[in-house]
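Presented below is the structure to which this report refers.
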Amino acid sequence: MTIHQEVHIKGSPKNIYELLLDSTRFQAMTGGRAAHISTHEGGEVSMFGGDIEARNVELVPNRRIVQAWRSRVWPEGTYSIVRFELQADGTGTRLTFDQAGYPRSAHATLDEGWPKMYWEPMNRALTHH
């Protein structure tokens, strides 16, 4: 199962990249739940108060973030791959998102969750930045 979403975000690729990797800004964007985000490849990531765990696989500044990503309710050792591609597009950024390798039972929650938990709060945060 895979998820593919493309969304226009009101901010530069640099601002979006930094928002996704800045623990303090990400935490504020997502309602204050604890976030600890490494800015290095191989570094560990914990978001939403520990509900999401990840490891940075590939970081290309202002262009791409790839993470091995999991929900703590998934079976132990189950990771999906998430990929954020950022491309300047007029007044903002075209963010192309892909996720693969997650449990089938999580599809609807994830597919609906990315806009609600990421894209909409990101647009709000970057509009008021």
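The values are calculated or read from the model by the stated rules, or taken from the named source; none is laboratory data. On a predicted model such as this, the values are computed, not experimentally measured, just so you know. As a convention, Cβ positions derive from the backbone with ideal geometry for all residues, glycine included, and neighbour counts pool all protein chains shown.
Observations on the structure shown:
- Of all residues making up segment 100-117, the number that are closer than 21 Å to THR78 by Cβ, touching a residue at least 40 places away in the same chain (Cβ under 8 Å) and either of a type in the set (D, E, K, R) or assigned to a helix (DSSP H, G or I) (or both): 6
- Residue check for LEU86: within 12 Å of the chain's Cα centre (by Cα) and crowded, with 18+ Cβ neighbours inside 10 Å: yes
- In segment 19-37, the qualifying residues are those that are in contact with a Ser or Thr (Cβ under 9 Å, 6 or more places away or on another chain) and under 16 Å from ARG64 (Cα atoms), and the one that is surrounded by the fewest Cβ atoms within 10 Å (Cβ to Cβ) is ASP22.
- Residue that is of a type in the set (Gly, Ala, Ser) and surrounded by 13 or more Cβ atoms within 10 Å (Cβ to Cβ), where the choices are GLY101, GLY77: GLY101
- Answer from ARG25, ARG72 - the residue that is of a type in the set (Lys, Arg), modelled with pLDDT of 95 or more and within 22 Å of HIS128 (Cα to Cα): ARG25
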